[in-house]
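The structure under discussion appears below in the form of structure tokens.
The values are calculated or read from the model by the stated rules, or taken from the named source; none is laboratory data. What you see is a predicted model, and the numbers here were worked out from it, not measured in a lab. Cβ atoms come from the backbone with ideal geometry, glycine included; neighbour counts cover every protein chain shown. All accessible areas refer to the heavy atoms of the entire protein, side chains included, with ligands and DNA or RNA removed. Shrake-Rupley method; radii C 1.70, N 1.55, O 1.52, S 1.80 Å.
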Amino acid sequence: MDLRPPSLRRLAGGAAVVSVLVLAACGHRKAAAPDWAGSAPAGTVMALSGRAGWLIEQQAFQAYLRQYPYADQTLDLFLKKARISPARETGRISFYVLSVPRVDPDGKPSLPEFLIQLGGFKDQAGLNMAVSEAFPTEGSLPVNRQELPVHVILDVNQVHIRAVTDAQGRVWLGDLKTLTRLAMGPLGPRHPVMKAAEWTDGASPIQGFLQVRPILDGLSASVPPDLARSLPKGIESLAWSVTPGGKGTHRFDLSLTGSPEAILQVAPWVQRFMAAASAVQGGTGTAAPEILQERERIGLRCQMTADQINQALGRLALPGLSLAGKK
């Protein structure tokens, strides 16, 4: 007896061969979340991470940073003064949003809080030395019983952009007030975000995650209607990754976590992503779309064209990518 929903049975009988795996909740495909996600500060509601040289070339990413006052200026100034050439680096630049834009009771808009991380560079010690040489020290920041030197990057009105290097050698950039969030520690290995990130490709040059409810509640005016309408109450987090490939298609991973009831309700939305991917399947060496499902997690792995991936990212309120010739 075929126990799959009718929509899945139709897809399986079409041009693409679809693999649907229902996994036990006790450890299949067990993998750790990538370091950039595992080190996300407590309170992070959304994050993007990419290979440094590749990400900096993405005009859509630069435009995305400009939505957050001083973010693009902070990163640009840091790279120039520290004489860092992202094109020659293998590390990652990660952008964390810790609060979304809001309007206070007096009608004044609040500045969204962000942090930028530079980690995994081939010469992380050299990067840390460059920070010390390029930017003056101003006090310290207590994190995990350590006093981390604070380096002055930029002062504009009430905004004080600083840099600190944590115990693992990662460099963090942001407003001094936001940097104090590092003292609260990371989201933690058992956080729903980490569980979602485990089902994406940690080696991909571009990855991201979001905590669903804070995003939908805080950015309701700018969230695509399909996303707000399709994600049921009880979905907690969403993670994704894109790995550029050849033959006109690229690997796209998507994973969601939440309550068992919410996972069942969101399955049709995931299937629509898979249906779009199934149209480009076929050909030697091209893997069929794959849905993986546990009690509190559902994931999709498929091949998509660049246009389809950008449409998918747009449905997640994320910037598009230029994937031509990128691997």
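In the range 213-231, what residues are modelled with pLDDT of 65 or more and either more than 16 Å from ARG315 (Cβ to Cβ) or open to solvent by 30 Å² or more (accessible area, probe 1.4 Å) (or both)? First the steps, then the outcome.
Taking the range 213-231 and keeping what is modelled with pLDDT of 65 or more, we get 213-217, 227, 229-231.
Selection gives ARG213, PRO214, ASP217, ARG229.
Among the residues of the range 39-63, those identified as of a type in the set (Gly, Ala, Ser) and within 22 Å of PRO112 (Cα to Cα) are SER39, ALA40, ALA42, GLY43, ALA47, SER49, GLY50, ALA60, ALA63. When LEU98 is tested against (1) at pLDDT below 70; (2) within 19 Å of ILE215 (Cβ to Cβ); (3) of a type outside the set (Val, Ile, Thr), exactly one condition is not met: (1).
Of the strands (runs of 3 or more DSSP E) lying entirely inside the range 33-123, those carrying at least 1 residues that are crowded, with 22+ Cβ neighbours inside 10 Å and free of Cβ contacts under 8 Å to residues at least 60 places away in the same chain are 92-97.
Across the range 164-194, which residue is surrounded by the most Cβ atoms within 10 Å (Cβ to Cβ) among those that are under 23 Å from THR257 (Cβ atoms) and in contact with a Ser or Thr (Cβ under 9 Å, 6 or more places away or on another chain)? Step by step, filter the range 164-194, then rank; the result is VAL193.
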